[in-house]
Each structure stands twice: as C-alpha cells, then as structure tokens.
Amino acid sequence: MNQALRIVHAVTSARFAGVERYVADLAGAQHAAGHRVSVIGGDPAAMLSVLGTDRIPLRAASSVRATIRALNRWADCDVVHVHMTATELAATLATAARSVPVVTTRHFARRRGSSVGGRCVAPLIERRVDAQVAISQYVADRIEGVAAVVRTGVPVREDLPGPRGRERTVLVAQRLEPEKRTDMALRAFARASLADEGWRLAVAGDGSQEESLRSLARELRIGASVDFLGRRSDVGDLMARASVLLAPCPIEGLGLSVLEAMAAGLPVVAAASGGHLETVGAVEGATLYRPDDPEEGGLLLADLAGDPDRRAEYGERLRNRQRSAFTSEAQVTALDRVYRSLR
C-alpha cells in the first residue's frame with residue numbers, strides 16, 4: 001500500500017448542498033482508506049453528520065479570508081484539494097510561497113468564474129493550480145484547460161427491498177432552484193396520471209422555487225398527491241422506500257442523487273443530458289427523455305410505474321453499473337493517482 005497522504009479539502013461555504021456533500025463524502029472515504037484528512041468549510045453540523053467521525057478535523061470558513069487562515073493553520077500537508085472558484089483563490093493566495101500541490105475539482109460544466117471578479121482572478125488561479133479534476137466527461141469538455149475525469153463514487157448498499165416491497169412513490173431529490181427544473185418533474189408526474197392510481201410525488205429539497213412549485217402543483221391538479229418534504233438528511237432512506245427517482249435537471253454535472261438511487265437499486269427516469277448520459281445513460285434500457293419534453297417523460301414514467309418486473313430488472317442493472325464504475329473506493333484510488341503524480 002502507498003504511504004498515507006496528508007490531504008486538506010477546502011470549500012469556501014457555510015452551506016450544505018451538492019459540493020459540500022461531495023467534500024464530506026470524499027473526505028470520509030479517504031480517511032477510511034488510511035489517509036490523514038482535514039476539511040475546511042461547509043455547514044459544520046451537516047458536514048460532521050456525513051463525515052461520521054470526529055477524527056477528521058473540521059474548520060468553518062465562509063469567506064476567502066477565513067479559508068486562507070485555515071489553510072495557513074494546516075500548512076503541513078501533502079496536497080490541498082479545493083472546490084469552487086472562491087476556494088481556488090484562497091488556496092492561490094495561501095500557498096503562493098509554498099510548494100504544496102493544489103488540486104481543484106470542477107463540479108460544473110462552465111468556465112471558471114460566474115462573476116466579473118471571478119473572471120478577473122481566473123488567470124492567477126490557473127497559474128497556481130497544479131491539476132484539475134472533473135466529475136464527468138460532460139464537465140471536462142466544457143471547462144478551460146486539461147482535466148482528469150474522476151467520477152464521483154458512492155458506497156455500495158445491501159439488503160434493499162424488491163420492487164414489491166416499495167411504496168408507490170416517485171421521488172425527486174434536489175435543490176429547488178431554477179436550473180434544476182423541478183417544474184418539469186411536476187409536469188411529467190401530472191402527464192403520467194399516476195395520482196389517479198394512488199401514487200405520490202415526494203419532493204425532497206428546499207430552495208427559492210418552493211412556493212412557485214406548490215402553485216404549479218395546484219395548477220396541474222396534483223397538489224393533493226405531492227409532498228414537499230423540505231431539506232432532508234434521510235434521502236437514502238427515502239430512496240430505499242420509493243419506487244422511482246425522477247431526475248429532471250438538464251445540466252447536472254454528474255448527479256449525486258442519481259448515483260445514490262443506482263446504489264439503492266432504484267429505477268431512474270432522467271433528462272437525457274449532462275452527466276445523466278454517463279450514469280443512467282450507460283445502462284441498457286435506460287429511461288431517458290428529452291429535457292424539454294415533460295410529455296415524453298410522463299409517458300416513460302407511467303410505463304415504468306405500471307411494470308414492477310421491469311422496475312426490478314432496470315434497478316438491478318443500475319445497481320450493477322454503480323458497483324462497477326461509481327464506488328467510493330474507485331474514486332479514492334483515481335484521486336490518489338492524481339495526487340501522487342504531482343509529488
């Protein structure tokens with residue numbers, strides 16, 4: 001076994017969304033593999049709950065200045081692994097006089113810097129960052145510079161119920177923001193007419209679109225069959241009970257919720273775009289619909305909901321794909337190769 005590395009992960013944030021979850025999951029998996037890992041940023045309580053151990057040091061950092069201070073406190077490390085532009089800038093400034101390698105994970109399929117300020121500091125960051133990692137080929141093809149594709153991994157799950165042991169529930173698990181297109185999930189569910197057969201649509205997540213989505217559910221006459229669950233910490237349990245995951249986001253970098261559904265043997269109906277083409281789309285018989293066509297999505301959803309044997313077979317193919325290509329162990333191993341190539 002290679003010598004353990006001292007790894008510092010940093011994300012300049014006080015939130016807990018997809019990127020923060022990625023950091024916590026990865027840090028926990030690297031710790032389990034024997035590395036010495038520290039984490040900067042994210043909502044402390046939520047990060048700790050995912051890390052699952054107090055042996056991974058954690059510091060809050062919701063600003064560039066706070067991230068720089070934390071990085072300076074943990075200067076004695078083998079690699080600094082950063083996430084998002086603000087954190088890249090913090091690492092650039094904190095390590096300017098140090099030889100420690102800086103690795104960045106690119107989570108979104110766009111060029112660096114969503115603001116004028118971000119674009120101004122991009123050249124400085126590009127000179128300091130030693131390696132880029134993209135969470136999918138979709139992301140790698142749309143960012144500047146060369147990136148190693150290291151797809152996100154999730155733990156393998158066992159002892160899950162079969163299709164007849166699950167609830168008649170379609171699950172959506174994502175932030176309720178415009179780019180996620182949860183409205184398309186509501187329209188597809190309405191088109192499938194599953195409410196008339198006793199099915200429910202469970203929406204796990206919060207965000208700025210919640211009230212407008214509630215209004216849309218009433219407009220589509222499915223309001224009584226839609227449960228807005230808010231932000232949940234038990235999405236894995238929800239997936240173990242649901243019968244289908246509906247994934248409508250057309251620009252998903254890879255899709256952590258989709259990977260977790262695959263691990264749970266949960267059939268997925270997804271928009272045929274973004275990272276979904278590398279996860280669900282790599283499975284025979286994948287249930288994908290044109291992202292702007294909730295009518296097609298609804299028809300596919302109705303067909304799948306009405307066929308428990310097909311759901312079982314499809315769920316098993318998805319689970320096998322997750323186990324062969326998207327495990328935490330495979331992600332840790334691939335990143336280890338990136339880190340050691342820079343030493």
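One residue is enough: does the stretch 193-209 have a residue meeting the conditions crowded, with 17+ Cβ neighbours inside 10 Å and in contact (Cβ under 8 Å) with a residue 60 or more places away in the chain?
Yes.
Mind checking which residues of the stretch 189-212 are under 23 Å from Phe16 (Cβ atoms) and under 22 Å from the mean Cα position of the chain (by Cα)?
Ala202, Val203, Ala204, Gly205, Asp206, Gly207, Ser208, Gln209, Glu210 - these are the residues of the stretch 189-212 that are under 23 Å from Phe16 (Cβ atoms) and under 22 Å from the mean Cα position of the chain (by Cα).
How many residues, within the stretch 176-212, are in contact with a strand residue (DSSP E or B) (Cβ under 7 Å, 6 or more places away or on another chain) and over 18 Å from Val268 (Cβ atoms)?
3
How about the stretch 20-55: which of its residues are in contact with a Phe, Trp or Tyr (Cβ under 7 Å, 6 or more places away or on another chain) and among the acidic types (Asp, Glu)?
Once the filter is applied, which keeps residues that are in contact with a Phe, Trp or Tyr (Cβ under 7 Å, 6 or more places away or on another chain) and among the acidic types (Asp, Glu), the stretch 20-55 yields only Asp43.
Which pairs turn up if I take residues in the stretch 261-286 that are in contact (Cβ under 8 Å) with a residue 24 or more places away in the chain and look for partners that are surrounded by fewer than 18 Cβ atoms within 10 Å (Cβ to Cβ) and of a type in the set (S, T, N, Q) with beta carbon separation below 8 Å, at least 6 apart in sequence or on another chain?
Final answer for the pair search is Glu278/Gln137.
Taking the stretch 98-121 as the search range and keeping residues that are without any contact (Cβ under 8 Å) to a residue 40 or more places away in the chain and hydrophobic (A, V, I, L, M, F, W, C), which one is surrounded by the most Cβ atoms within 10 Å (Cβ to Cβ)?
So the residue we want is Val102.
Of the residues in the stretch 213-249, how many are farther than 14 Å from Leu194 by Cβ, touching a residue at least 40 places away in the same chain (Cβ under 8 Å) and more than 17 Å from the chain's Cα centre (by Cα)?
Counting residues in the stretch 213-249 that are farther than 14 Å from Leu194 by Cβ, touching a residue at least 40 places away in the same chain (Cβ under 8 Å) and more than 17 Å from the chain's Cα centre (by Cα) gives 2.
Among the strands (runs of 3 or more DSSP E) lying completely within the stretch 1-91, list those that include at least 1 residues that are modelled with pLDDT under 95, hydrophobic (A, V, I, L, M, F, W, C) and not assigned by TED's automatic domain parsing to the domain that holds Leu259.
Strands (runs of 3 or more DSSP E) meeting the threshold: none at all.
Yes or no: Ala330 in a helix (DSSP H, G or I), among the hydrophobic types (A, V, I, L, M, F, W, C) and farther than 21 Å from Val19 by Cα?
Taking the combined requirement at face value, the residue does not satisfy it.
Among the candidates Thr287, Thr279, which residue alone is in the same structural domain as Glu167 (by TED's automatic domain parsing), of a type in the set (Ser, Thr, Tyr), at pLDDT 95 or above and touching a strand residue (DSSP E or B) at 6+ places or on another chain (Cβ under 6 Å)?
When all the criteria are applied, what remains is Thr287.
Only one of Leu186, Leu171, Leu176, Leu124 is without any contact (Cβ under 8 Å) to a residue 40 or more places away in the chain, crowded, with 21+ Cβ neighbours inside 10 Å and not β-branched (Val, Ile, Thr); which?
Leu176
Test Glu260 against the stated conditions and say whether it is surrounded by fewer than 20 Cβ atoms within 10 Å (Cβ to Cβ), under 17 Å from Ser324 (Cα atoms) and either out of contact with any Phe, Trp or Tyr (no Cβ under 9 Å at 6 or more places or on another chain) or among the charged types (D, E, K, R) (or both).
Judged against the criteria, Glu260 is not a match.
The values are calculated or read from the model by the stated rules, or taken from the named source; none is laboratory data. Everything numeric here is computed off the predicted structure, so don't read it as measured data. Neighbour counts run over all protein chains shown; Cβ positions are idealised from the backbone, glycine included.
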